[in-house]
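A short write-up of the structure that comes next.
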Amino acid sequence: MSELNPTQVSINSDTGAVSPETGRYIKHLSELEGIYFDGEAWARTLREESDPVVYEVVEFKKQGSDLFFGTTTMQPGKVGDEYYMTRGHFHEDRTKSEVYCTLSGRGLLLLENRQGQCETVEMREGTCAFIPPDWAHRSINCGSEPLVFSWFCSVEAGHDYGQILKQGMRKLCLDRDGEVEMVDNPNFN
Ligand SMILES: [Fe+2]
């Protein structure tokens, strides 16, 4: 194994900026087709809001390391009644866990395993979530400010989006007159 040197990395809790950073990507609403329950609302939001940014991921990965980390910054917003959320994924390597630490904003981490068990973990400043191996995870911004969290993961974890892109997750997170409500996803089968 190659010799690795310690590195200081700065993370901005409000913007999610990572310095130094080694990679980043942005997800616009147009790239999230099919993940929101209300397809018409998705098309309308896309048109009326000119394909808004839903979230941005910035990472720090050291060549030769077994771990990498970074931030995800999610904008506030909704598609119909459904809050902005990430695509959600299992890890390709089913033995790999992950940790999310919320830096600012307010949201929910939605988790489910392959046996159908569903859990949510609150996301607010100072909370960390342990994501066990082989639990799908999706983060949801239920607040009015950006939701910024850092994550720490094995470089071998990978992303398995397949099952969730096809049938969604078992629960939807909706805005009901200003209150957050979790309901069963009627499209899940
Ligand atoms: Fe993950």
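The values are calculated or read from the model by the stated rules, or taken from the named source; none is laboratory data. From a predicted model like this one, the values you see are computed outputs, not experimental measurements. As a convention, Cβ positions derive from the backbone with ideal geometry for all residues, glycine included, and neighbour counts pool all protein chains shown. Ligands, DNA and RNA are stripped out before the accessible areas are found, and what is left, the full protein with its side chains, is counted by its heavy atoms. Shrake-Rupley method; radii C 1.70, N 1.55, O 1.52, S 1.80 Å.
The GluC sites (Glu not before Pro) of the stretch 110-171 that meet both conditions, a loop assignment by DSSP and at most 15 other Cβ atoms within 10 Å of the site Cβ, are GLU125, GLU156.
Here the stretch 78-140 is treated as a Stokes sphere of Kirkwood radius computed over C-alpha pairs; at 20 °C and 1.002 mPa s its diffusion coefficient rounds to 175 µm²/s.
Computed over the alpha-carbon atoms, the chain gives an Rg to Rh ratio of 0.96, Rh here being the Kirkwood radius from the mean inverse distance. Summarised as an ellipsoid, the stretch 119-189 has semi-axes of 22, 20, 10 Å, derived from the eigenvalues of the Cα gyration tensor scaled by 5 and square-rooted, with the largest first. Between the helical axis of 39-48 and the longest alpha-carbon principal axis of the chain there is an angle of about 80 degrees. Normalised by the number of residues in the stretch 19-65, the mean separation of alpha-carbon contacts (under 8 Å, six or more apart) gives a relative contact order of 58 percent.
Counting only lysines at least 8 places from LYS27 when in the same chain, those with an alpha carbon closer than 18 Å to its own are LYS78.
The listed residues ILE140, ILE26, once ranked by accessible area (1.4 Å probe) with the largest placed first, stand as ILE26, ILE140. Label separation (VAL180 vs SER10): 3.1 nm, computed from points 7 Å beyond Cα along the C-beta direction. Remark: the LYS166-GLN115 segment gains 16.6 nm on full extension, using 0.36 nm per residue and subtracting the alpha carbon distance. Under 9 Å from the Cβ of GLY158, count the other residues' Cβ atoms, weight Lys and Arg +1, Asp and Glu -1, and hand me the total. Taking every Cβ under 9 Å from that of GLY158, the sum is -3.
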